[in-house]
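Notes follow the structure.
The values are calculated or read from the model by the stated rules, or taken from the named source; none is laboratory data. This one's a predicted model, so the numbers in the text were calculated from it and none came from an experiment. Reconstructed Cβ throughout: ideal geometry from the backbone, glycine too, with neighbour counts over all protein chains shown. SASA here: full protein model, heavy atoms, side chains in, ligands and nucleic acids out. Shrake-Rupley method; radii C 1.70, N 1.55, O 1.52, S 1.80 Å.
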Amino acid sequence: EDPSSSSSTQNSVAPELPGFYYDPEKNRYFRLLPGHNNHNPLTKDSIQHKAMECKRLRLLEEEEKQKKTTRAGLNSSVLLQKRQLGLLSSTSYCRLVHELKVNCMQRRKIEIHSPDSSVAGTNNFKIIVADVACERIFTVNDVEHGGCKYGIINLSGLGKESLTVEMYDNLYFTNRKVNSVCWASLTHPDSHFSLTHFSKLCLMGIAETPGCASLLPASLFSSTNPGDRPGMLCSFKISTAWSCAWCLNPQADNCFSTGLTRRVLVTNVVTGHRQTFGTSSDVLAQQFATQAPVLYNGCRSGEVFSIDVRQRNRKGQSWKATRLFHGSAVTSIHLMEAEHYLMAADMAGKIKLWDLRTAKCVKQYKGHHNEYALLPLHVNEEEGLLIAVGQDCYTRIWSLQDAHLLRTIPSPHPSSKDAIPSVVFSSRLGGSRGVPGLLMAVKQDLYHFSYN
């Protein structure tokens with residue numbers, strides 16, 4: 001059930017009257033017009049918020065009682081019995097076991113330590129992004145007096161019973177909005193497939209003009225003497241920016257892309273060389289392929305298209321290769337590992353899996369909620385899971401194979417547009433010997449949902 005559908009329940013009970021709200025509990029109408037109830041004015045927004053908050057509290061109570069629902073008849077003993085009888089293949093058995101684990105995850109709060117006591121727990125988390133090895137997460141935090149600051153959290157402490165992490169801040173601060181962040185590498189070997197973790201951080205995305213794209217060394221965030229830390233690696237001034245992506249293909253070495261207003265800008269951070277590709281709409285989401293230097297872009301117009309950055313940009317749109325179309329602005333894209341499929345989400349709450357070979361939608365994942373926010377997708381092909389946080393602050397988990405909604409996790413904090421959780425999911429949080437689970441950052445708190 002979608003928490004935003006509470007108004008439809010109201011309409012099925014009693015007819016809707018202009019300027020009135022029907023309360024099913026009291027079985028009567030109340031005026032919505034201002035001035036008639038000054039002590040507790042009723043508005044549609046406040047009524048909907050109250051209904052959503054009641055549902056969130058009820059779901060939290062069910063979470064604590066472990067009243068979790070999944071596929072009918074799915075439990076560990078039945079799965080094991082079917083596997084032993086040869087009724088389930090190894091692939092199907094592993095997939096269903098992962099679904100059971102997802103529904104048994106329990107929330108635990110993580111204690112955040114910092115060498116600087118003023119860092120931890122003082123600012124709201126806005127974005128968290130894990131590196132490839134999931135040893136660290138980069139954080140963007142909203143500052144109380146406006147703007148954003150950055151930090152890195154070391155996840156090695158998650159393997160301990162105490163569930164503690166170390167957070168390191170840095171001196172860099174921006175008084176403008178950060179739209180997008182991605183990890184980058186300037187030191188990887190010729191074969192990017194042997195990459196174990198990124199050593200540099202590509203931070204990007206100042207929304208206002210003039211904007212900038214900055215590359216920050218990860219060593220900025222450490223407990224060493226601040227005087228020994230390097231400065232900002234580089235910073236490029238650009239116009240209004242919405243998205244960024246780093247290329248790991250050797251044919252476009254040391255390059256990253258920024259999605260701007262009506263154009264795409266590909267920059268080599270070593271030489272400073274730039275390529276510009278004009279578009280008919282703002283580019284809100286980007287990702288590079290790894291098998292070829294091809295960049296996929298999602299636009300405000302709903303179009304998804306690819307660019308081979310090896311070609312010279314030409315006038316017009318003849319350089320566009322694969323083209324897909326959503327009915328609303330595309331907010332996030334994810335290229336699957338084999339690079340034959342691409343997942344895309346839009347502002348209408350649609351999540352679609354596209355076959356790039358036929359340019360057709362092959363699956364749709366229902367239940368996601370979005371109206372105007374830039375919300376990311378999180379895909380874990382190893383576990384066969386898709387995770388997305390909606391604008392209603394619910395974290396939803398689907399099965400990649402059949403698009404079945406496995407679990408809906410309510411936020412620990414009341415829903416609001418400035419309290420949308422940011423999540424990371426991995427089977428190895430903290431490195432190769434790390435613990436599996438879901439990390440959720442909301443407000444000033446960090447939570448771990450144990451997946452074991």
Q. So which residues in the range 390-411 are within 21 Å of P436 (Cβ to Cβ) and open to solvent by less than 10 Å² (accessible area, probe 1.4 Å)?
A. T395, R396, I397, W398, S399, L406, I409
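In the range 142-156, which residues are more than 21 Å from the chain's Cα centre (by Cα) and of a type outside the set (S, T, N, Q)?
Applying the first criterion (more than 21 Å from the chain's Cα centre (by Cα)) to the range 142-156 yields 144-146, 156.
Residues satisfying the conditions are E144, H145, G146.
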Q) Would you call R274 more than 25 Å from E382 (Cβ to Cβ) and of a type in the set (K, R)? A) yes
Q.
Looking at (1) open to solvent by less than 30 Å² (accessible area, probe 1.4 Å); (2) part of a strand (DSSP E or B); (3) without any contact (Cβ under 8 Å) to a residue 60 or more places away in the chain, which one does H378 not meet, given that it meets all the others?
A. (1)
Q: Answer yes if at least one residue in the range 273-289 is at pLDDT 85 or above, part of a loop (DSSP other than H, G, I, E, B), open to solvent by less than 20 Å² (accessible area, probe 1.4 Å) and farther than 29 Å from M347 by Cβ, and no otherwise.
A: no
Q: Please state which of the following conditions Y296 fails to meet, knowing it meets all the rest: (1) open to solvent by 10 Å² or more (accessible area, probe 1.4 Å); (2) more than 30 Å from S92 (Cβ to Cβ); (3) without any contact (Cβ under 8 Å) to a residue 40 or more places away in the chain.
A: (3)
Q) Does the range 331-341 hold any residues that are in contact with an Asp or Glu (Cβ under 9 Å, 6 or more places away or on another chain) and open to solvent by less than 50 Å² (accessible area, probe 1.4 Å), and which are they? A) T331, S332, M336
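Look through A348, A344 and report the one residue that is of a type in the set (A, V, I, L, M) and surrounded by fewer than 19 Cβ atoms within 10 Å (Cβ to Cβ).
Values: A344 fails: surrounded by fewer than 19 Cβ atoms within 10 Å (Cβ to Cβ).
None of the others qualify; the one that does is A348.
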Q.
So in the range 259-269, with the set limited to residues that are free of Cβ contacts under 8 Å to residues at least 40 places away in the same chain and outside any strand (DSSP E or B), which one is farthest from S306 (Cα to Cα)?
A. T261
Q. Can you spot a residue in the range 414-425 that is in a strand (DSSP E or B) and either at pLDDT below 90 or of a type in the set (D, E) (or both)?
A. no
Q) Taking only pairs six or more apart or across chains, which ones have beta-carbon atoms under 7 Å, a first residue in the range 86-100 that is at pLDDT 80 or above, and a second residue that is hydroxyl-bearing (S, T, Y) and surrounded by fewer than 16 Cβ atoms within 10 Å (Cβ to Cβ)? A) L100/S76
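Can you tell me which residue among K126, K149 is modelled with pLDDT of 85 or more, assigned to a strand (DSSP E or B) and not hydrophobic (A, V, I, L, M, F, W, C)? So that I can check it myself, show each step before the final result.
Details: K149 fails: modelled with pLDDT of 85 or more.
Matching residue, one of K126, K149: K126.
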